[in-house]
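Every number in this text was worked out from the coordinates using simple rules, so none of it is lab data. Here the structure is a predicted model, which means the values were calculated and not measured. Methodologically, a virtual Cβ is constructed for each residue, glycine included, from the backbone with ideal geometry; neighbour enumeration extends over all protein chains shown.
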Amino acid sequence: MDLALKGKRALVTGSTTGIGEAIVRRLAAEGARVIVHGRNAAQADTLLNALRAEGADAALALGDLTTDAEADHVVSQALEAFDEVDILVNNAGRFSGKPWVDTEPAEWNSMYNNNLTSMVRVSRRSAPLMAERQWGRIINMASTIGLMPDVNMAAYGATRCWEPWFCSEPGRSSRRRPFCHPPQRHSPQLS
């Protein structure tokens, strides 16, 4: 399948394992220049080396995205590697399967920071650069749990129900508002 991505520069957050790894591999197979992102340097290096061995033009951006400084650093690494980011896939996040009554306030805050605020940080740093070039795509990975609550995933679900709101904000530079509900997939976080 040709998705016309040859030469496009794509940053996929949380791409060292699971769904993120599958996305970065598919983008690379379509000819995109990919930026592998993660917090674990060993995992990131393993994937980076595998992609390069398969002929992909790939780079690395390490950082945890839970602070403004780290998000700046991740986007800076992506820009240093390929000058621009044409496609941003916000995939990074964490999962917790606990009833809300057993979830401490600090865990709620951590979940929001990892799943929502980190996405906002990277998007706010990338969107203005895309707008300047009048081309770019931001894809926010979603979960059906945000639309169909589960008592055992309250904090996680609460961080995922924002996605329709974020994607429905009228774009100033584009009429496209990607909203991606991936099909059910096995992820190491769910093991």
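A few notes on this one:
- Annotation: peptides 34-47, 131-144, ranked by per-residue average of other Cβ atoms within 10 Å with the highest first, follow the order 34-47, 131-144.
- Using the Cβ-Cβ distance between VAL151 and ALA41 with R0 = 30 Å, the FRET efficiency computed as 1/(1 + (r/R0)^6) comes to roughly 0.20.
- Dipole magnitude (debye, nearest 20) for the range 43-166, charges at Cβ of Lys, Arg, Asp, Glu: 340 debye
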